[in-house]
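The values are calculated or read from the model by the stated rules, or taken from the named source; none is laboratory data. Keep in mind that what you see is a predicted model, and the values were worked out from it rather than measured. Because the Cβ atoms are built from the backbone with ideal geometry, glycine has one as well, and the counts that use them run over all protein chains shown. The accessibility values were calculated without ligands, DNA or RNA, using every heavy atom of the protein model including side chains. Shrake-Rupley method; radii C 1.70, N 1.55, O 1.52, S 1.80 Å.
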Amino acid sequence: MANSSKDHVLNTPPADAISSVVFSPSSSLLAIGSWDQHLHVYERSSGDSPFTLKQKIEFEAPILDVQINDSTAFCVGVDCTVRKIDLETGEQTVLSRHDEASNKAAYSTEHGILLSTSWDGTLHVHQPESNDFIRVKLAAKPFAVSLTRERAVVAMAERKVSIYDLTALKRLVEQTGGTADHQSVLDMQPWQERESSLKFMTRAVACMPDGAGFTTSSIEGRVGVEWFDPEAQQNTYAFKCHRQMQKTVDETGEEQDVDIVYPVNALAFHPVYGTFATGGGDGVVALWDAQTKRRVRQYHPLNSSVVAMSFSPDGKFLAIGVSPGFEDGKESEDIDASQVKVVVRELADGEAKPKEKK
């Protein structure tokens, strides 16, 4: 039996709801995007906390997603811009502008391209080194995006899922990309199009480390597991999670059990073992094995909703963004800053390893 993990709550967290947490490829940096209009960058530390605040960069509007390598960060947000930030100098470069807020970003180190999606129903594909980009029309309003080494999965409204070939996207940028703010929107055919296995609105998507498939999660406490290979699609399945049974009293005074369902806001795959974590509005993080369809473990609830997660590329840490998720219907109230925190879970050896088959 592996030793238990250790939780570290980072100092100086964002002052408003967290939107994104992501590690750099070397696992040395951890970037946090937030509605407080700041990018928080933490660096690996040998002290009591494994990560300490390195820099805090201010933006003109709330940040909705972040990507990072060891010298550059990319941010998208409510001001509709896609920005490149030099972490050494602090210089910001606007790579493109969407017509509406840009909600998601994903960077391919293998292809050197940055993808951004927007509520305007477009996908921007950038080549950050040259500042060239293209606009691609999406089938519906995008909610989530994730990459393998060769594919990009975009989950959208109306249960639509489009899968793009990254080599084809890079080639298109090289052939037709430019820096003008008002290019035409390209009507590019995805590598694959399909309908999500989940019936309700998608909250997150995460691709398997081996590139074989992906998982999606919904507002209705379910996770779907799918494969790219058409012959393997018959193995697609979905399961319920992040639900709590509570006792209530009906109008007649009789006690009954009610299944309280929480959204599954975050998904993340362990880079070594291939298990994946789910984070829900119930504040719970659970680990699952997609192959055996079994839960590996479930952790104690945190004090608020889990809104974002990221495993470090070396597999030693799981960063968890915690913020009020308004599951209790208090959307009109101001965010309680005491409930906003970043928890870095230091995993014990083999903790995320799949259980042996019975």
Placing each pseudo-label 7 Å from Cα in the direction of the beta carbon, Q183 and V272 end up separated by a distance in nanometres of 4.0
Would you mind listing how long segment 243-296 runs along its three principal axes, going by Cα atoms, in whole Å with the largest first? 53, 21, 10
Provide Rg and Dmax in Å for segment 65-113, with only Cα atoms included in the calculation. 10.7, 30
Over the Cα atoms of segment 86-241, what is the Rg over Rh ratio if Rh follows Kirkwood? 0.98
Taking a ≥ b ≥ c as the square roots of the eigenvalues of the Cα gyration tensor of segment 1-103, is the shape rounded (a/c under 1.5), prolate (a/b larger than b/c) or oblate? prolate
What FRET efficiency comes out for D99 versus E129 if R0 is 35 angstrom and r is the Cβ-Cβ distance? Round to the nearest 0.05. 0.90
At q = 0.09, 0.10, 0.13 Å⁻¹, what is the log10 ratio I(q)/I(0) for the chain, with the Debye formula run over Cα points and no solvent? -0.48, -0.59, -1.02
Just how far, in whole angstrom, is segment 210-225 from segment 1-60 if you go by their alpha carbon centroids? 25
In Å, what Kirkwood hydrodynamic radius results for segment 96-143 from the alpha-carbon pair distances? 10.8
FRET efficiency for D210 and S338, Cβ-Cβ distance as r, R0 = 45 Å, nearest 0.05? 0.65
Carbon/sulfur accessible area of segment 221-314, % of total, 1.4 Å probe, equals 44
Remind me, what semi-axes does segment 1-47 give for its equivalent ellipsoid, largest first in whole Å, using sqrt of 5 times each Cα gyration tensor eigenvalue? 23, 14, 11
For the chain, longest principal axis from Cα atoms; helix 166-176 axis from its Cα atoms; angle between them, nearest 10 degrees, is 30
Normalise the Cα radius of gyration of segment 158-243 by 2.2 N^0.38 Å (N = residues in it) and let me know the number. 1.33
On a 20 Å Cα-Cα criterion, which of the cross-link pairs K240/K341; K6/K341; K104/K141; K104/K240 come out too long? K240/K341; K104/K240
For segment 44-130, the percent of accessible surface on carbon and sulfur atoms (probe 1.4 angstrom, ligands and nucleic acids excluded) is 39
With Cα springs under 10 Å, the Gaussian network model of the chain assigns the largest mean-square fluctuation among T117, T89, T12 to T89
Distance-filtered residues of segment 190-216 - backbone nitrogen under 20 Å, label point 7 angstrom along A168 Cα→Cβ: 190-196, 207-208, 211-214
Using a 1.4 angstrom probe and counting only protein chains, how large is the accessible area of C75 in Å², to 10? 10
Counting only protein heavy atoms and rolling a 1.4 Å probe, one gets per residue an accessible area for the chain in Å² of 46
Overall dimensions of segment 191-234 by Cα: Rg and Dmax, Å: 10.5, 29
State, to one decimal in nm², a quarter of the convex hull surface area for the C-alpha atoms of segment 209-358, i.e. the direction-averaged projected area. 11.9
Quick check: convex hull of the Cα atoms in segment 57-141, volume per residue, rounded to a whole Å³? 82
Just want to confirm a number: the relative contact order over segment 187-280, from Cα pairs under 8 angstrom separated by 6+ residues, in percent. 25
Please report the carbon-and-sulfur percent of the accessible area for segment 133-190; probe 1.4 Å, protein heavy atoms only, DNA, RNA and ligands left out. 44
